[in-house]
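Enquirer: This is the structure, below, for whatever I ask next.
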């Protein structure tokens with residue numbers, strides 16, 4: 001039986017743009033948690049670290065979809081290069097401001113400017129769509145990308161935290177910025193797989209976020225992202241409170257491992273269950289799996305609980321992006337995916353900020369209350385929007401897109 005994941009790489013140029021895109025999107029997770037770790041060490045205040053990180057994420061949430069709209073209109077190569085140049089210079093300024101102890105307002109200014117960073121996962125999915133639209137291989141490609149997204153979100157954070165803790169505070173953000181610059185240069189150079197530019201008359205007026213299904217999915221993913229951001233910050237604080245900060249990266253790696261193992265299996269399945277129901281069940285499992293976090297008392301129990309909780313992450317992403325591919329018009333797909341990706345980023349930054357405040361005020365373990373609350377919000381949103389997500393697709397893709 002052929003491996004469905006190997007089949008998608010038989011088309012010329014797929015390996016090259018996938019490899020370049022992998023490098024270019026590492027900063028998605030490294031930038032937020034790297035900033036939190038860097039500033040918590042250089043300034044000693046979790047609220048400041050979380051606030052600066054949230055400034056970047058929220059600005060990126062506003063600007064990245066606009067960058068994607070420009071990409072749909074003018075093409076990836078013409079838009080990505082100037083956008084990434086601005087972002088790289090801003091991140092460099094942020095690192096310098098943290099290192100030299102410049103005024104706090106400069107930290108926020110550089111974080112604001114860095115928010116122009118494009119959504120590379122959206123660019124990658126746009127290339128897969130251009131290659132495999134209306135074929136089963138597109139759904140396999142989306143599953144592959146969703147698994148990689150989760151690996152990068154989890155492992156990128158772990159990598160950034162480990163570098164900043166083991167070497168020096170600026171190490172994580174510094175390498176993140178380097179990845180962004182090099183990865184984008186290599187990605188843009190892959191001209192043969194760049195999606196065609198949509199003519200103005202084929203693009204309807206208005207933003208993709210005006211679509212009700214995308215609003216539901218994005219808000220749900222904001223809540224899911226809040227769970228992730230909270231878990232990461234609270235794990236660091238909880239480990240530090242126990243005098244075992246060095247184990248934080250291992251615990252978070254286990255979180256990622258749970259997601260990776262389940263995601264690889266789930267992405268290759270051909271389930272008949274509707275995507276909307278798969279999405280709702282994945283969120284429900286995430287909510288239930290978050291409850292034991294309040295009862296953990298040491299590093300081993302925390303690692304086990306997060307490993308189990310990680311099993312819900314990849315299925316949530318896979319089904320969410322499968323729904324977007326089915327419900328968002330092709331001419332707005334890049335923007336639609338970007339809204340969802342930035343929704344996750346907003347949630348992660350929001351979770352970092354709120355949990356940082358809760359930790360500073362009530363203690364490390366109470367930070368997990370933020371994760372539990374966010375999981376309830378995510379489930380409630382998915383449940384209330386269930387009928388909308390069941391609506392007939394706007395594209396030719398079948399309902400069980402990634403099932």
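The values are calculated or read from the model by the stated rules, or taken from the named source; none is laboratory data. Worth saying up front: this structure is predicted, and the values here are computed from it rather than measured. We place every Cβ from the backbone using ideal geometry, glycine too, and count neighbours over all the protein chains shown.
Enquirer: For region 19-29: of the residues being closer than 16 Å to residue 61 by Cα and part of a helix (DSSP H, G or I), which is modelled with the highest pLDDT?
Expert: This residue is 27.
Enquirer: So which of 311, 303 ends up being more than 15 Å from the chain's Cα centre (by Cα), under 30 Å from residue 134 (Cα atoms), surrounded by fewer than 24 Cβ atoms within 10 Å (Cβ to Cβ) and in contact (Cβ under 8 Å) with a residue 24 or more places away in the chain?
Expert: The unique qualifying residue is 311.
Enquirer: Something else: With (1) surrounded by fewer than 24 Cβ atoms within 10 Å (Cβ to Cβ); (2) over 21 Å from the mean Cα position of the chain (by Cα); (3) at pLDDT 80 or above as the list, and residue 373 as the residue in question, which single condition is left unmet?
Expert: (2)
Enquirer: Out of 209, 216, 182, report the one residue that is in a helix (DSSP H, G or I), surrounded by fewer than 24 Cβ atoms within 10 Å (Cβ to Cβ) and either modelled with pLDDT under 90 or in contact with a strand residue (DSSP E or B) (Cβ under 9 Å, 6 or more places away or on another chain) (or both).
Expert: 209
Enquirer: Additional query: Residues of region 246-264 being in contact (Cβ under 8 Å) with a residue 60 or more places away in the chain and surrounded by fewer than 16 Cβ atoms within 10 Å (Cβ to Cβ), which ones?
Expert: Listed by number, the residues that qualify are 246, 264.
Enquirer: For region 318-334, what are the residues that are under 14 Å from the mean Cα position of the chain (by Cα) and either at pLDDT 85 or above or more than 23 Å from residue 287 (Cβ to Cβ) (or both)?
Expert: Selection gives 320 alone.
Enquirer: Check off (1) crowded, with 24+ Cβ neighbours inside 10 Å; (2) modelled with pLDDT under 85; (3) more than 19 Å from residue 230 (Cα to Cα) for residue 337 and give me the number that stays unchecked.
Expert: With respect to (1) crowded, with 24+ Cβ neighbours inside 10 Å; (2) modelled with pLDDT under 85; (3) more than 19 Å from residue 230 (Cα to Cα), residue 337 is out only on (2).
Enquirer: I'm told residue 22 meets every condition in (1) surrounded by fewer than 23 Cβ atoms within 10 Å (Cβ to Cβ); (2) more than 17 Å from the chain's Cα centre (by Cα) except one. Can you identify the failing condition by its number?
Expert: Of the numbered conditions (1) surrounded by fewer than 23 Cβ atoms within 10 Å (Cβ to Cβ); (2) more than 17 Å from the chain's Cα centre (by Cα), the odd one out for residue 22 is (2).
Enquirer: It is to be established whether one or more residues within region 239-252 are assigned to a helix (DSSP H, G or I), within 19 Å of residue 30 (Cβ to Cβ) and modelled with pLDDT of 80 or more.
Expert: yes
Enquirer: Of the numbered conditions (1) within 17 Å of residue 157 (Cβ to Cβ); (2) at pLDDT 80 or above; (3) within 17 Å of the chain's Cα centre (by Cα), residue 263 fails exactly one; give the number of that condition.
Expert: (2)
Enquirer: Where in region 284-403 are there helices (runs of 4 or more DSSP H), lying fully within it, with 2 or more residues that are touching a helix residue (DSSP H, G or I) at 6+ places or on another chain (Cβ under 8 Å) and over 28 Å from residue 206 (Cα atoms)?
Expert: In region 284-403, 299-310, 313-327, 333-362, 368-384 are the helices (runs of 4 or more DSSP H) which contain 2 or more residues that are touching a helix residue (DSSP H, G or I) at 6+ places or on another chain (Cβ under 8 Å) and over 28 Å from residue 206 (Cα atoms).
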